[in-house]
1. Expressed as an acute angle from 0 to 90° and rounded to the nearest 10, what is the orientation of the C-alpha long axis of helix A:29-56 relative to the principal long axis of chain A?
2. Ordered by residue, what ³J(HN,Hα) values in Hz, to whole numbers, does the range B:227-235 give under the Karplus form 6.51 cos²θ - 1.76 cosθ + 1.60, where θ = phi - 60° and Gly and Pro are x?
3. Which net charge results for the neighbourhood of A:E90, defined as the other residues with beta-carbon distances under 10 angstrom from its beta-carbon, given Lys and Arg at +1 and Asp and Glu at -1?
4. Given 4 °C and 1.567 mPa s, compute D for the range B:8-243 with the Stokes-Einstein relation, Rh being the Kirkwood radius over Cα pairs; round to the nearest whole µm²/s.
5. So what is the diffusion coefficient of the protein assembly as shown in µm² per second by Stokes-Einstein at 20 °C and 1.002 mPa s, using a Kirkwood Rh over Cα pairs?
6. Does the range B:35-110 come out rounded, prolate or oblate by the C-alpha gyration tensor, with a ≥ b ≥ c the root eigenvalues, rounded set by a/c under 1.5 and, if not, prolate when a/b is larger than b/c and oblate if not?
7. Using Cα pairs under 8 angstrom and six or more residues apart, how large is the relative contact order of chain A, in percent?
8. Roughly what percent of Cα-Cα pairs across the range B:71-175 reach past 24 Å?
Amino acid sequence: MKGMRVRAGRFRLYAAVAEGGFRRYATYRIATAAGVFTNTAFGLILAYTYIALWDERPGLGGYDQAQAVTFVWLGQGLLTVMALMGGGFEGELIERIRTGDIAVDLYRPADLQAWWLASDLGRALFQLLGRGIVPMAVGALVFDLALPADPLRWLAFLLAVALGALVSFGLRFLVALCAFWLLDGAGITQVVMLAGTFFSGMLLPLNVFPGALGDLARALPWSALLQVPADVFLGTHTGLGLLRTYAFQLGWAAALLTAGRLLQAAATRRVVVQGG
Amino acid sequence: METVGTTDLIELEGVEKVFDVRKKTGFLRRERHQVRAVDGISFTVPRGEMVGYIGPNGAGKSTTIKMLTGILTPSGGRLRVAGIVPSRERTRLAQRIGVVFGQRTTLWWDLPLIDSYRLVHRMYRIPDARFRENLDRCVELLELGALLDVPVRQLSLGQRMRGDIAAALLHDPEVLYLDEPTIGLDVISKAKVRGFLRDLNTQSGTTVLLTTHDLTDIEQLCERVMVIDHGRLMYDGPLAGLHEVGESERTLVVDLERELPPMEIESARVVKVEGPRQWLAFPAAQSAAPLVARIAARYPMADLSVREPDIEAVIAKMYAEKATS
Ligand SMILES: Nc1ncnc2c1ncn2[C@@H]1O[C@H](COP(=O)(O)OP(=O)(O)OP(=O)(O)O)[C@@H](O)[C@H]1O
Ligand SMILES: [Mg+2]
């Protein structure tokens, strides 16, 4: 009984944190508008590039041209949701560790990982609504996109996005915690971001890459951020294949979140909080 | 229940904190050395007391407070707060302590002040009625009413500090640690914060441990003061007692009938001459009467007054002595 009440209480806390994460980003309207503009412009450039590429090599990576262009707009829509170019909580957490403000987070009766996860999911939801929909709509107006007719496929896609957001958080949380040891998290953040841009499929869909490189790219966690949701959207995974896809995402999410917990325990045990 | 048999809420026994610091001394060469930030400190604070914890920059005050919250693990010694070993049960202790680091904020930067309080409500699982009551009281006493809907990043330093103090108190902590709560505040804001803390201590009986560089805070709030330097406790007792320990001096200001060379009087020395006025310093413990009699016998004295030593000077002197010894 008591355990249940405690858990309900915790849920309300993290729900409030997530809501705060959402509203925080919602307060920056101009930044959001500028971001939407950038995503749209970038989407247009990439879409024409892909069209040229698929004209040369029809059926590249198993996509037809409409699917390839759809992939571009999905990428633009999910770019900030998955914080592929940064802009999530990690910069803030690294800064808090560097300046010692993390002290404040540590003496409160809340779990560090759960706190940042909640706040990052709130952010991701805002980015999905605030920065995902408009570029996608522009894409659909200008190009002939392969949009699913089946509403269930849209739902399946949203679930894949949610799982992808978990994986994305798990990766960035690990990176951010390194700041406890490195103090300057900028270097590692950049390396991981670069890896993420490539291995998520942001530059080119991963199924374009043949052989071992392709296999490796598809097995790494970053593919759960864009490639997997896009494939669910495009209908590549159905039935049992869809379940296997979810299992792949869930597996990475669980592994990364567990690793994050262990690293957090190690960090807080030997924590050296900076500054007065 | 852990506190049965003791009224001491905070107990430290030979507590130490040693930091390993690695310094770059050349290309690829690093030197390791240790900083003894806290070097064997023992004290206890009984329930309901308000104690000042002062010392020069780098003395180890913040490090002590971090150990008392559980976010730093001591390198040695024993430490208990409300019967709990802080570093071992940080989360359980959190329910019973309130912390304000004047240089940092617990408030949510981009959101209105009230949102941070709603979060505190959930975080500490404060019963709804209790939360409302505490919030109303803090809002009234700290004059936060007009600020609740303002994003924290738009608050002035003084407003933010008051907001932070409220955030630390909504869950009725038994102990409140304040690390420089008046830093950077103007005279009026300082007075507000002090007034609030005094009422909190007398009315709610909250135990308060306060660090500051503003001795007026201590003079107005704390009967007991601890002085720490280089990680060691130099003094622990009433504020007034610092004078004796610090070998402080009182000053006799003598107005002579005309300008004269510095007077020569045993057991006192002239520290300043300005026209017919001369300042004589003498040990604070010594009575002024015989001194006055001696001066009156030898010099044409028009008027005089005695100045009590100023606590700030006493402490500055104390810091300086320890540094050179
Ligand atoms: N994370 C750290 N790593 C290494 N040394 C540290 C660390 N934190 C504190 N120190 C050192 O420990 C000593 C005590 O620092 P502390 O912050 O406790 O001082 P303080 O009394 O709060 O000073 P101030 O009045 O300036 O705030 C200083 O010499 C400081 O350089
Ligand atoms: Mg300090």
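1. Between helix and principal axis, roughly 40 degrees.
2. 10, 10, 8, 6, x, 10, 7, 9, 7
3. In short, -2.
4. Details: Rh = 18.6 Å.
Taking Rh from Cα pairs, D becomes 70 µm²/s.
5. Working: Rh = 28.3 Å.
So the translational diffusion coefficient is about 76 µm²/s.
6. Cα axes put the range B:35-110 in the rounded bin.
7. With pairs under 8 Å counted, the relative contact order is 26 percent.
8. So the portion of pairs separated by more than 24 Å is 28 percent.
The values are calculated or read from the model by the stated rules, or taken from the named source; none is laboratory data. Small disclaimer: the values here were computed from a predicted structure and weren't measured. Glycine gets a Cβ as well: all are built from the backbone with ideal geometry, and neighbour counts include every protein chain shown. Side chains are part of the model used for accessible areas, which takes the heavy atoms of the whole protein and leaves out ligands, DNA and RNA. Shrake-Rupley method; radii C 1.70, N 1.55, O 1.52, S 1.80 Å.
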